[in-house]
Amino acid sequence: MALREIRDEILQADLPLSEEASNMVFGRGNHDAPVFIVGEAPGEDEDREGEPFVGRSGDVLSDGLSQAGLEEGEDTYIANMVKYRPPNNRDPRVDEIQAHAPFLLEQIHAVHPAIIVSLGNTASEFFKGDDEVFSGITQERGETFSVDVHGVEHRVLPTFHPAATLYDASLKDTFIDDLNRVRELI
Ligand code: URA
């Protein structure tokens, strides 16, 4: 399915969180990108603009990508686990993630990246799946694992969510190291 069709399907689906949000936040970037970046959920800026990572976290992400020699929009496609902003930026609930996840998996299948980068706990835990113990992003970051998306094996590299580096600046170097590793892997 083409990305355009997936967008239409999301808009037609009666997804949790859609009622409170201003805009659906689908994703952006190269439709053939080697790197598929997965965030958690839109925040206030993303909800207003209908684009992922356009606020402060987005600045950190863009800066990290460029420091790692990755060209945003050419090397990357960026999307979130959930497509609508949770009220007051609360964490998305498991049932909400489960309802939105099939669309993310369709997006990954359409882009067919060489690597998936999961940002933070929510996205990384989702890809680890129910059969594996997830011991938190601090432990798990930087270690790649494989995941099956619609019959295709993909490598996933978990790293910190850019928002975490806004709270703890000491994480920034590791975040950029992980993105450097992504560049080496593609
Ligand atoms: N945080 C996310 O996880 N996604 C966004 O789009 C913005 C902030």
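The values are calculated or read from the model by the stated rules, or taken from the named source; none is laboratory data. Just so it is clear, the model here is predicted, and its values are computed rather than measured. Positions of Cβ are backbone-derived with ideal geometry, glycine not excepted, and every protein chain shown enters the neighbour counts. Heavy atoms of the whole protein, side chains included, go into the accessibility calculation; ligands, DNA and RNA do not. Shrake-Rupley method; radii C 1.70, N 1.55, O 1.52, S 1.80 Å.
At-a-glance table
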| item | result |
| --- | --- |
| Dipole of the chain, positive direction: furthest Cα of 66, 80, 100, with charges on the beta-carbon | 66 |
| Antiparallel DSSP beta bridges within the chain, as percent of all bridges there, nearest 5 | 35 |
| CD proxy at 222 nm, helix term only [per DSSP H run n ≥ 4: -39500 (n - 2.57); per residue of the chain; nearest 500] | -12500 deg cm²/dmol |
| Within the range 122-161: backbone nitrogen closer than 20 Å to the residue 91 label point (7 Å, Cα to C-beta) | 122-142, 158-161 |
| Selection of trypsin sites (Lys or Arg not before Pro), the range 40-99, meeting DSSP coil and at most 16 other Cβ within 10 Å | 90, 93 |
| Max mean-square fluctuation residue, GNM over the chain, Cα-Cα springs under 10 Å, options 111, 133, 82 | 133 |
| C-alpha center-to-center spacing [the range 141-185, the range 72-110] in angstrom | 16 |
| Fraction of accessible area attributable to carbon and sulfur, the chain (%, probe 1.4 Å) | 40 |
| The range 111-128 versus the range 1-30: alpha-carbon centroid distance in Å | 19 |
| Separation in nanometres of the label points that stand 7 Å from Cα toward Cβ, at residue 22 and residue 169 | 3.0 |
| 1.4 Å probe accessible area per residue over the chain, in Å² | 48 |
| The chain: DSSP helices with Cα axial extent of at least 15 Å and average Kyte-Doolittle hydropathy no lower than -1.0 | 56-67, 94-111, 172-185 |
| Å³ per residue enclosed by the Cα convex hull of the chain | 106 |
| Contour excess over end-to-end distance, with Cα ends at residue 134 and residue 32 and 0.36 nm allotted per residue | 33.8 nm |
| Computed accessible area, residue 172, all protein chains, 1.4 angstrom probe, square angstrom | 50 |
